[in-house]
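The values are calculated or read from the model by the stated rules, or taken from the named source; none is laboratory data. Note that the coordinates shown come from a computational prediction; the quantities given were computed from them, not determined experimentally. With ideal geometry, Cβ positions are generated from the backbone for all residues, glycine too; neighbour counts draw on all protein chains shown.
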Amino acid sequence: MKVAFFLGSFDPPHIGHGYVVSKALESMDFVVVVPTMQNPWKERKSTDFELRCQMCEKTFLPLGESVLISDIEKTLEPPYYSYKTLKNLKEIWNSAELYLICGSDVYDEIKDWKNSEWILENFKLLPISRDIVTISSSQIREMVKNDETQHLSFLVTHNVEKIINENNLYK
């Protein structure tokens, strides 16, 4: 069984993220989406973890039963380094062939991650080209902040847009 893990802030998850997961599903049995509690390299405080998990469910679960959302990071102690999360996921999925989804832009940077040797020894990399995906979560947050939301429905699912509006996120 092949299992790929897709780690990220997903603040918010957008259709580009959905594209990445759908591409990964072409060669994987399962894709596990893993929102991070707080990226240790980003100064900006992430949006509430539970809200981001809800947005991930609305974005990714419609892609099929082979997609799972993991809230494993809420059981871990900070700082939330990828290797710590991946060690815990490896214990759960120990009988599977494990992959780490990474954007092609991140592929070369992994060697600079904390304990990257361990990650590369235990997970095969599954690079997905981001050439088609030109959206970013930070762009979406900026659009909402500037009240430029007329095209938001082209960037996030209807349900994610609803969560953003109902919770007054990114204002």
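Taking the criterion of being surrounded by 16 or more Cβ atoms within 10 Å (Cβ to Cβ), free of Cβ contacts under 8 Å to residues at least 40 places away in the same chain and either out of contact with any Asp or Glu (no Cβ under 7 Å at 6 or more places or on another chain) or in a loop (DSSP other than H, G, I, E, B) (or both), the only residue of the range 150-171 that qualifies is Glu161. Filtering the range 13-24 to residues that are in contact with a strand residue (DSSP E or B) (Cβ under 6 Å, 6 or more places away or on another chain) and either surrounded by fewer than 18 Cβ atoms within 10 Å (Cβ to Cβ) or not aliphatic (A, V, I, L, M) (or both) leaves only Lys23.
Yes/no matrix, rows are residues, columns are (1) modelled with pLDDT of 95 or more; (2) surrounded by 19 or more Cβ atoms within 10 Å (Cβ to Cβ); (3) part of a loop (DSSP other than H, G, I, E, B):
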residue: Met28; (1), (2), (3): yes, yes, yes
residue: Val31; (1), (2), (3): yes, yes, no
residue: Gln38; (1), (2), (3): no, no, yes
residue: Glu50; (1), (2), (3): yes, no, no
residue: Cys56; (1), (2), (3): yes, yes, no
residue: Glu65; (1), (2), (3): yes, no, yes
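May I ask you to list the residues in the range 46-63 that are more than 12 Å from the chain's Cα centre (by Cα) and under 14 Å from Ala4 (Cβ atoms)? Within the range 46-63, just Leu63 meets the criteria. Inspection of the range 68-88 finds a residue satisfying the criterion of being under 16 Å from Asp29 (Cα atoms), modelled with pLDDT of 95 or more and aliphatic (A, V, I, L, M).
Residues of the range 106-128 that are touching a residue at least 12 places away in the same chain (Cβ under 8 Å), more than 16 Å from Ala24 (Cβ to Cβ) and either in contact with a Gly (Cβ under 8 Å, 6 or more places away or on another chain) or not β-branched (Val, Ile, Thr) (or both): Trp113, Lys114, Asn115, Ser116, Trp118, Asn122. Of the residues making up the range 87-125, those that are among the small types (Gly, Ala, Ser) and either in a helix (DSSP H, G or I) or touching a Lys or Arg at 6+ places or on another chain (Cβ under 6 Å) (or both) are Gly103, Ser104, Ser116.
All conditions in (1) over 15 Å from the mean Cα position of the chain (by Cα); (2) part of a helix (DSSP H, G or I); (3) in contact (Cβ under 8 Å) with a residue 12 or more places away in the chain hold for Pro79, with the sole exception of (2). Restricted to the range 72-102, and to residues that are in contact with a Pro (Cβ under 7 Å, 6 or more places away or on another chain) and surrounded by fewer than 19 Cβ atoms within 10 Å (Cβ to Cβ), which residue is farthest from Ser22 (Cα to Cα)? Checked the range 72-102; the qualifying residue farthest from Ser22 (Cα to Cα) is Pro79. Tallying residues that are part of a loop (DSSP other than H, G, I, E, B) and either of a type in the set (Ser, Thr, Tyr) or modelled with pLDDT under 95 (or both) within the range 126-146 yields 8.
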